[in-house]
Each structure stands twice: as C-alpha cells, then as structure tokens.
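Dropping a structure here in structure tokens format, bear with me for questions.
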Amino acid sequence: MTTDKYQLTEEIRNLIASFGIGDEASFTSDMEKFRIFLSEENEKYNLTRLTSPADFWIKHVIDSLYILKYFPEIKTASLKVADIGSGAGLPAIIIAKACPNLRLAAVDSSAKKSDFIVRAAGLLSLKNLSVVNLRANDMAKKKEWWRHFDIITARAVSTGCEIFRETRNMLGPKGRYVLYKTPRQAETELCELRNLTGKEGYMWDCTETFNLPENMGARVFISGMRQENLHKIA
C-alpha cells in the first residue's frame, strides 16, 4: 500500500476546474485524503475494484462530478438528494463535498459499506451527508421518506426500472431522477423506463455522451420527472 500524494495531471485539474466547484483547492485536498482512506480500507473490506490513483480520480471523482455539468442547479439550489446503492460513497461523498448546499443521503444495504461512508464523512467533515443503512425498497416503506427527495440518483447499481420501482414513493412532487449510465445501458433502459412510466406522466431523456479522460469509458445520464414539472426542479 502507498499513501504518497498523487500528482494530478493537467487534464484532470482542468476538468475539475470546469465543474465550477466553489473551493477547488479544498476539494482536491479532501479528495486526495479520501483516496488514501479508501485505499487503506479497501485492503480490509474490498470496497471497490478500482484501486489505482488514476482510477480513483477519473472513474470515481471526475465521473461523479459530471452531474454538475448537465444539471448545474445541483451546485446552487437547496436540494435533498438520495444516492441509491452508494457503496463506498460514490457519488455521494464527492457530490456532498463539492456542493455544501445539498442535503444528501447515502443509501446502502451493506452495514460494512454504510459504516465506511460514516467514517469517510467524518474524516472530511461533511455535515451535509447522512447515511441510511437500508435497502431502497425498505426505506421507501417508511413514511418519513415519502415524497422527501428532490433528486434521486444512482451509479453502477440496478437498472433504471428497478430504481424507479423501489424509490418512486420517495421522490418529491417536483423531483427528478438522474441516473449514471453507459451509452449501451441507456439504449435499453430509456425505452424500458418510458414504457413503464408513460401512463403516469413521466418524461425521460438522455444527455449527450461524454468521454472520461485516458479512454476510461463513455457515459451519459438518464433523467426523468413528471412532465408538468419539467424545468422546475430548483
């Protein structure tokens, strides 16, 4: 294991700057602290298969931050966000650090991973991040979470239809789904979501494809909300 500080490439630094994070220096410093902590804990608990510094900064940090480019209101509005299947706190921890205006719930059924997120949030002094150690469908049964969130997101877990079925009770009346996907996943899931929810008035769309640095993959976001609430998230 190495805990040497990783030197960010100019491309990664420029990308982080392009997302318009308020305190960029503090953000990158805390993300490096998080990388080292994740690396140390991963040796004990197998939290992620992506272990190199480049993997962390590109496939975790940069990938997570792209939501700010396509949904810029997340940077400024006072929103309640649920990250379903947060795992090692991705994207929850990264978004919480970048956007102190948010109130973010990291939802995961694994006690091991939930405990890791709690400790990582403490390490980074994230006052705007809470952890819910439940399956999403069990969480949705609790009245305290009904119609609670402005945004429900998920990255690298379940299909869009599965996320919708399990969390629909938790989305607020003007809420939006924002799901991290690959272009191939989006081709299938966008059609499935439209077929599943069309009669309920949901509208689903897909962003343009964007590419991560160093040929580490192509990504899109699938976004959905009730038709009457388009452009009214903030």
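Going through segment 123-179 one residue at a time, which ones are at negative phi, without any contact (Cβ under 8 Å) to a residue 40 or more places away in the chain, of a type in the set (S, T, Y) and not in a strand (DSSP E or B)?
T159 - this is the single residue of segment 123-179 that is at negative phi, without any contact (Cβ under 8 Å) to a residue 40 or more places away in the chain, of a type in the set (S, T, Y) and not in a strand (DSSP E or B).
Test each condition in (1) exposed (fewer than 15 other Cβ atoms within 10 Å of the Cβ); (2) in contact (Cβ under 8 Å) with a residue 24 or more places away in the chain; (3) of a type outside the set (V, I, T); (4) closer than 30 Å to F34 by Cα for N211 and report the one that comes out false.
(2)
Now, a different point. In segment 125-139, what residues are over 15 Å from the mean Cα position of the chain (by Cα) and surrounded by fewer than 19 Cβ atoms within 10 Å (Cβ to Cβ)?
Result: S125, K127, N133, L134, R135, N137, D138.
Which of the following residues is part of a loop (DSSP other than H, G, I, E, B), crowded, with 22+ Cβ neighbours inside 10 Å, at pLDDT 95 or above and among the small types (G, A, S): S86, S109, S78?
S86
Let me ask something additional. Here are the criteria: (1) modelled with pLDDT of 95 or more; (2) assigned to a loop (DSSP other than H, G, I, E, B); (3) of a type in the set (D, E, K, R). Tell me which single one R194 does not satisfy.
Failing condition for R194: (2).
Within segment 7-63, track down each residue that is among the aliphatic types (A, V, I, L, M) and in contact (Cβ under 8 Å) with a residue 60 or more places away in the chain.
Within segment 7-63, I12, L15, I21, M31, L38, L47, A54, I58, I62 qualify.
Farther than 17 Å from L123 by Cβ, in contact with a Gly (Cβ under 8 Å, 6 or more places away or on another chain) and surrounded by fewer than 20 Cβ atoms within 10 Å (Cβ to Cβ), is that true of K59?
Taking the combined requirement at face value, the residue does not satisfy it.
Considering only residues of segment 34-52 that are assigned to a helix (DSSP H, G or I) and hydroxyl-bearing (S, T, Y), which is farthest from I93 (Cα to Cα)?
Ranking the qualifying residues of segment 34-52, first place goes to Y45.
Continuing with the same structure: For M225, all conditions in the list (1) surrounded by fewer than 16 Cβ atoms within 10 Å (Cβ to Cβ); (2) farther than 13 Å from T159 by Cα hold save one; what is the number of the exception?
(1)
The values are calculated or read from the model by the stated rules, or taken from the named source; none is laboratory data. Everything numeric here is computed off the predicted structure, so don't read it as measured data. Note: ideal-geometry Cβ built from the backbone for every residue, glycine included; neighbour counts use all protein chains shown.
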